[in-house]
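Asker: Dumping the structure here so I can ask a few things about it.
The values are calculated or read from the model by the stated rules, or taken from the named source; none is laboratory data. Predicted model, so just to flag it, every value in this text is computed and none were measured. Every residue, glycine as well, gets a Cβ built from its backbone with ideal geometry; the counts of neighbours run over all protein chains shown.
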């Protein structure tokens with residue numbers, strides 16, 4: 001089966017306002033099989049949006065190759081665009097038009113037949129709580145509602161690939177949850193989803209594979225499990241003590257954790273190093289302040305991300 | 001719905017939500033004809049001779065007013081790209097499964113209809129309200145010139161709208177272009193009596209070509225060879241501007 005996305009050695013530079021040449025992408029390569037949810041993570045300026053613009057044929061690449069559903073973005077841009085539904089980073093709505101027109105015209109511009117578009121509109125209006133807003137002009141609506149319309153639009157289509165660039169920014173938590181559930185359902189039905197985000201918990205929850213980008217280069221990629229393996233020396237410990245004494249916090253700090261949070265008789269710490277040596281030190285502490293509960297787990301995506309960023313800089 | 005039809009429908013819906021735009025496109029040229037035309041006709045008193053024939057100033061001005069219609073419609077339509085940029089939808093449009101050519105042609109299509117309606121209103125006002133005498137037999141040619149010229153101007157202004165980041169820069173550029181192209185042409189006065197330094201740039205101004213062609217189709221004045229050349233030049237101008245606009249959209253990142 002053809003991969004939904006194939007990117008090989010893509011490079012892209014642009015000239016900044018001060019005339020300096022900025023390398024936005026420096027030899028990025030990855031593949032996304034069909035039906036997967038793939039996340040692109042990275043700080044601002046990492047190159048995520050540039051990559052999205054290349055894949056959605058807005059920006060030409062300098063060198064390398066990128067293909068969507070087997071169609072080359074440089075040589076077959078129209079065929080690529082026929083396979084895409086894209087939510088770009090900035091809020092994009094037709095402000096002078098009604099919500100209804102926004103959804104319908106988006107569908108028409110993607111070749112969806114009028115009857116099908118009307119049918120999908122009804123279903124989406126209910127799902128995205130837009131039913132009472134359909135006749136409102138978009139410019140009168142809040143930023144969050146505009147974002148909701150923008151995301152709802154992509155479900156007017158049944159393209160095999162959905163690209164979302166920071167799509168849930170500005171959405172309320174309930175709607176964000178609904179969108180995430182819908183995306184999971186779409187992936188189960190075989191649609192491929194590429195999303196960029198800075199909300200790492202969102203990526204951790206949604207994405208089956210992830211690439212972490214920084215300064216146009218790939219820092220790490222793989223499934224969450226594979227990424228965790230890259231940070232085996234990083235682990236999180238949760239402790240519940242039988243009581244507290246004045247020196248407990250000081251003794252925990254003496255263990256040199258990367259992160260330490262103490263709340264009453266419970267503590268949460270992130271350590272970098274050998275697990276065995278830490279266990280010995282905790283056993284010393286438990287002689288004075290008994291430990292009732294002890295839990296060790298691998299790093300979160302956020303911890304992996306921060307560790308990789310620190311390593312890179 | 002095909003790509004062009006969908007873009008046509010989008011522009012129709014947008015235009016209908018803002019009657020101010022439509023009013024500007026349709027009625028401002030009429031106001032020019034009414035106020036400017038009447039004022040100058042009274043001031044000049046007599047008639048204007050073109051190629052050995054005499055015409056009233058309103059008859060002389062009428063083709064220029066049609067030129068103004070094409071210019072206004074093209075300006076306002078290209079300004080739509082700034083509205084798209086402002087609402088953030090401009091880049092999203094570039095991800096839709098339509099070619100850049102379809103986007104441009106679809107966007108101007110509905111507005112070509114407006115330009116033709118605006119031109120017809122100007123002709124009706126000139127003939128019925130101001131006693132201008134025109135040749136009706138070449139009305140389809142008049143419509144064809146209006147369509148080609150509106151499209152050409154729109155494609156040219158779209159290049160500016162796509163390339164410029166700031167709306168104030170775009171507005172300044174367009175205002176300057178508007179003044180320069182209108183007054184440095186045969187729109188308001190015959191070029192034959194003007195000094196050579198004025199005539200030379202006016203002869204290479206597409207507005208002059210367009211107004212000369214409209215003057216032929218409405219009044220029947222002009223010589224065959226220069227008119228054929230001007231006709232070809234208007235067509236080439238529109239096609240070159242279309243190519244430039246497509247290129248600008250392809251490099252819009």
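Asker: For segment A:37-51, which residues satisfy the criterion of being assigned to a loop (DSSP other than H, G, I, E, B) and closer than 20 Å to residue A:65 by Cβ?
Answerer: From segment A:37-51, those assigned to a loop (DSSP other than H, G, I, E, B) are A:42-47; that's our starting set.
Matches in segment A:37-51: A:47 only.
Asker: On the basis of being modelled with pLDDT under 85, in a helix (DSSP H, G or I) and away from chain A (no Cβ under 14 Å), does residue B:41 make the cut?
Answerer: For residue B:41, the condition - modelled with pLDDT under 85, in a helix (DSSP H, G or I) and away from chain A (no Cβ under 14 Å) - is met.
Asker: A further question on this structure: Which residues, counting only those in segment A:252-281, are in contact with a strand residue (DSSP E or B) (Cβ under 7 Å, 6 or more places away or on another chain), in a helix (DSSP H, G or I) and farther than 12 Å from residue A:235 by Cβ? Please lay out each step first, then the result.
Answerer: At the first step, the residues of segment A:252-281 found to be in contact with a strand residue (DSSP E or B) (Cβ under 7 Å, 6 or more places away or on another chain) are A:252-253, A:257-261, A:265-272, A:275, A:278.
Filter once more, so that each one left must be in a helix (DSSP H, G or I): A:252-253, A:275, A:278.
Once the filter is applied, which keeps residues that are in contact with a strand residue (DSSP E or B) (Cβ under 7 Å, 6 or more places away or on another chain), in a helix (DSSP H, G or I) and farther than 12 Å from residue A:235 by Cβ, segment A:252-281 yields A:252, A:253.
Asker: Could I ask something else about it? Anything in segment A:89-103 that is under 13 Å from residue A:152 (Cα atoms) and touching a residue at least 40 places away in the same chain (Cβ under 8 Å)? List them, or say none.
Answerer: A:91, A:92, A:93, A:99, A:102, A:103 - these are the residues of segment A:89-103 that are under 13 Å from residue A:152 (Cα atoms) and touching a residue at least 40 places away in the same chain (Cβ under 8 Å).
Asker: Do you know which of the residues in segment A:255-267 that are under 18 Å from residue A:307 (Cα atoms) and surrounded by 15 or more Cβ atoms within 10 Å (Cβ to Cβ) is modelled with the lowest pLDDT?
Answerer: Once the filter is applied, the top-ranked residue is A:258.
Asker: Is it the case that residue A:248 is under 30 Å from residue A:191 (Cα atoms) and at pLDDT below 85?
Answerer: The answer is no for residue A:248.
Asker: Next up: I'd like the full set of residues that are part of a helix (DSSP H, G or I), at the interface with another protein chain (Cβ under 10 Å from one of its Cβ atoms) and farther than 17 Å from residue B:20 by Cβ, limited to segment B:86-128.
Answerer: Passing the criteria: B:89, B:90, B:91, B:92, B:93, B:100, B:102, B:103, B:106.
Asker: How many residues does segment A:67-91 hold that are more than 8 Å from chain B (Cβ to nearest Cβ), part of a loop (DSSP other than H, G, I, E, B) and closer than 29 Å to residue A:118 by Cβ?
Answerer: Counting residues in segment A:67-91 that are more than 8 Å from chain B (Cβ to nearest Cβ), part of a loop (DSSP other than H, G, I, E, B) and closer than 29 Å to residue A:118 by Cβ gives 2.
Asker: Collect the residues in segment B:234-253 that are surrounded by 13 or more Cβ atoms within 10 Å (Cβ to Cβ) and within 14 Å of chain A (Cβ to nearest Cβ), keeping them in residue-number order.
Answerer: B:246, B:247, B:248, B:249, B:250, B:252, B:253
Asker: Return a yes/no flag: does segment B:219-230 have any residue that is surrounded by 13 or more Cβ atoms within 10 Å (Cβ to Cβ), touching a residue at least 24 places away in the same chain (Cβ under 8 Å) and within 17 Å of the chain's Cα centre (by Cα).
Answerer: no
Asker: While we're here: Which one of A:94, A:129 is within 7 Å of chain B (Cβ to nearest Cβ), in a loop (DSSP other than H, G, I, E, B) and in contact with a helix residue (DSSP H, G or I) (Cβ under 9 Å, 6 or more places away or on another chain)?
Answerer: Exactly one of A:94, A:129 is within 7 Å of chain B (Cβ to nearest Cβ), in a loop (DSSP other than H, G, I, E, B) and in contact with a helix residue (DSSP H, G or I) (Cβ under 9 Å, 6 or more places away or on another chain), namely A:94.
Asker: Same structure, new question: In segment A:289-311, what residues are part of a helix (DSSP H, G or I) and surrounded by fewer than 12 Cβ atoms within 10 Å (Cβ to Cβ)?
Answerer: Correct list: A:310 only.
Asker: Could you go through segment A:107-125 and let me know if any residue there is surrounded by fewer than 14 Cβ atoms within 10 Å (Cβ to Cβ), in contact with a helix residue (DSSP H, G or I) (Cβ under 9 Å, 6 or more places away or on another chain), part of a helix (DSSP H, G or I) and away from chain B (no Cβ under 12 Å).
Answerer: yes
Asker: Checking the structure you have, find out if any residue of segment A:98-114 is in contact with a strand residue (DSSP E or B) (Cβ under 7 Å, 6 or more places away or on another chain) and assigned by TED's automatic domain parsing to the domain that holds residue A:223.
Answerer: Initial filter on segment A:98-114 (in contact with a strand residue (DSSP E or B) (Cβ under 7 Å, 6 or more places away or on another chain)): A:98.
If we keep only those that are assigned by TED's automatic domain parsing to the domain that holds residue A:223 too, we end up with A:98.
So far as segment A:98-114 goes, yes, one or more of its residues are in contact with a strand residue (DSSP E or B) (Cβ under 7 Å, 6 or more places away or on another chain) and assigned by TED's automatic domain parsing to the domain that holds residue A:223.
Asker: Another question about this same structure. How many residues does segment A:50-66 hold that are out of contact with any strand residue (DSSP E or B) (no Cβ under 7 Å at 6 or more places or on another chain) and more than 9 Å from chain B (Cβ to nearest Cβ)?
Answerer: 0
For (1) without any contact (Cβ under 8 Å) to a residue 60 or more places away in the chain; (2) touching a strand residue (DSSP E or B) at 6+ places or on another chain (Cβ under 7 Å), each residue gets a yes or a no:
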site	(1), (2)
A:4	no, yes
A:11	yes, yes
A:17	yes, no
A:39	no, yes
A:48	no, yes
A:68	no, yes
A:75	yes, no
A:82	no, no
A:86	no, yes
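Asker: Follow-up. When segment A:49-66 is examined, which residues are found to be surrounded by fewer than 21 Cβ atoms within 10 Å (Cβ to Cβ) and on the phi > 0 side of the Ramachandran plot?
Answerer: A:64
Asker: Here is a further query. Exactly one condition in (1) away from chain B (no Cβ under 12 Å); (2) closer than 29 Å to residue A:71 by Cβ; (3) touching a helix residue (DSSP H, G or I) at 6+ places or on another chain (Cβ under 9 Å) is false for residue A:160; which is it?
Answerer: Residue A:160 satisfies every listed condition except (3).
Asker: Mind listing just one residue for me: the one in segment B:50-78 that is in a loop (DSSP other than H, G, I, E, B) and in contact (Cβ under 8 Å) with a residue 40 or more places away in the chain and, of those, surrounded by the most Cβ atoms within 10 Å (Cβ to Cβ)? Reasoning before the result, please.
Answerer: The initial filter retains those residues of segment B:50-78 that are in a loop (DSSP other than H, G, I, E, B), namely B:51-52, B:56.
Still in the list and also in contact (Cβ under 8 Å) with a residue 40 or more places away in the chain: B:51, B:56.
Values: B:51: 13, B:56: 19.
It comes out as B:56.
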